[in-house]
Amino acid sequence: MDLFSKTSMNFINIKSGSKGNASLIFDEKTLILIDVGVNKKDLVNALKSINKSIDDIDLILLTHSHIDHIKGLRFIDESKIYSIDGVIEEIDEYHKLNLFEEFRFDDFIIIPLKTSHDVDACSGFLFKHKENDGSIVSLGYITDTGYLPFETLPYLRNLEYYYFESNYDIYALITSSRPYDLKERILSYRGHLSNEQAAIYLSYLIGENTISIMLAHLSEECNEPNIAKNTFLAILAQAGLKLSHSINLVLAKQWAMTTLPLTLEQEN
């Protein structure tokens, strides 16, 4: 795809952070909700912004069972939920997804990716979208993981779009008033990605196809948008990564919607 051409796929993050998480990925035919960790009002308002309602949602994908990702289950149609086994008890064989296996729905191909968090079952997702001209654009959705398993990495190489956890600044976390056991959990391989870890992974993963990155799930207490952004830019510079274009970098908001830019600004 020409980097200056708009894809027919769209992505909106409704909220991102410890208070709640949910995103929409959609085209003219299909509307997918990723996690439902927001209240009904927030979801309805986000859907209204694209002239849709809750009834228009075709699929609901769950990354894992923490309350900030599933607290809205009570007001959605559970027959539309798909996840890997173990995320929720009610999942049946028809709605169960398998890690690294493709699930197709209209013009979307969805591949659950292995992650590592302090729950029995968790995953990220790779979304591939078939464009009207037959080309494929892809978005990697990675949140709530202490590291990226080796087998997941090839699925995330040189994608057009990334939604990627950058949860905490290490110094801010260590010097915070949080209990020691909580700090230990966050820092562990079953916790969250720090700004540094996210930037190191992304410096390895992004490439000439990459258009936009959304840094997500920033800690309200142990991170700041400018710190996350500057850490990312510094580590990319240290890696000596040289692309033929500048990448859009946006930070997901905790209390408001954030739209992922789908094209690069036209260069003169």
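The values are calculated or read from the model by the stated rules, or taken from the named source; none is laboratory data. In this text the structure is predicted, and so the values were computed from the model without any measurement. Glycine also receives a Cβ, built like all others from the backbone with ideal geometry; neighbour counts cover every protein chain displayed.
Each row is one residue, and each column tells you yes or no for (1) closer than 19 Å to K114 by Cβ; (2) buried (at least 22 other Cβ atoms within 10 Å of the Cβ); (3) at pLDDT below 95.
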residue: Y147; (1), (2), (3): yes, no, no
residue: Y168; (1), (2), (3): no, yes, no
residue: E224; (1), (2), (3): no, no, no
residue: A228; (1), (2), (3): no, yes, no
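Checked against the criterion of being touching a Pro at 6+ places or on another chain (Cβ under 6 Å) and either of a type in the set (A, V, I, L, M) or at positive phi (or both), the candidates I91, I84 yield just one match: I84.
I need the full set of residues from the range 117-159 which are among the charged types (D, E, K, R), assigned to a loop (DSSP other than H, G, I, E, B) and over 19 Å from H69 (Cα atoms), in order please. Within the range 117-159, E131, D133, E151, R157 qualify.
Can you confirm whether G124 is of a type outside the set (D, E), touching a helix residue (DSSP H, G or I) at 6+ places or on another chain (Cβ under 7 Å), buried (at least 16 other Cβ atoms within 10 Å of the Cβ) and within 20 Å of Y163 (Cβ to Cβ)?
Values: of a type outside the set (D, E): yes; touching a helix residue (DSSP H, G or I) at 6+ places or on another chain (Cβ under 7 Å): no; buried (at least 16 other Cβ atoms within 10 Å of the Cβ): yes; within 20 Å of Y163 (Cβ to Cβ): yes.
No.
Before we move on, is K29 charged (D, E, K, R), more than 13 Å from the chain's Cα centre (by Cα) and assigned to a loop (DSSP other than H, G, I, E, B)? Judged against the criteria, K29 is a match.
Every condition in (1) within 20 Å of L126 (Cβ to Cβ); (2) acidic (D, E); (3) in contact with a Gly (Cβ under 9 Å, 6 or more places away or on another chain) holds for E102 except the one numbered (3).
Pairing residues of the range 3-17 that are at pLDDT 95 or above with residues that are assigned to a loop (DSSP other than H, G, I, E, B) and among the basic types (K, R), at Cβ distances under 8 Å and at least 6 apart in sequence or on separate chains, gives N13/K253; K15/K253; S16/K253.
The residues in the range 193-217 that are within 16 Å of T143 (Cα to Cα), in contact (Cβ under 8 Å) with a residue 40 or more places away in the chain and in contact with a Ser or Thr (Cβ under 7 Å, 6 or more places away or on another chain) can be counted, and the count is 5. Looking at A256, A237, just one residue is over 15 Å from I206 (Cβ atoms) and of a type in the set (G, A, S), and that residue is A256. Counting the residues of the range 134-159 that are touching a residue at least 24 places away in the same chain (Cβ under 8 Å) and over 19 Å from R104 (Cβ atoms) gives 14. Against the criterion of being assigned to a strand (DSSP E or B), hydroxyl-bearing (S, T, Y) and either in contact (Cβ under 8 Å) with a residue 60 or more places away in the chain or in contact with a helix residue (DSSP H, G or I) (Cβ under 7 Å, 6 or more places away or on another chain) (or both), S23 qualifies. Within the range 135-142, does at least one residue satisfy the condition of being aromatic (F, W, Y), closer than 21 Å to S16 by Cα and touching a strand residue (DSSP E or B) at 6+ places or on another chain (Cβ under 8 Å)? Taking every residue of the range 135-142 in turn, at least one turns out to be aromatic (F, W, Y), closer than 21 Å to S16 by Cα and touching a strand residue (DSSP E or B) at 6+ places or on another chain (Cβ under 8 Å).
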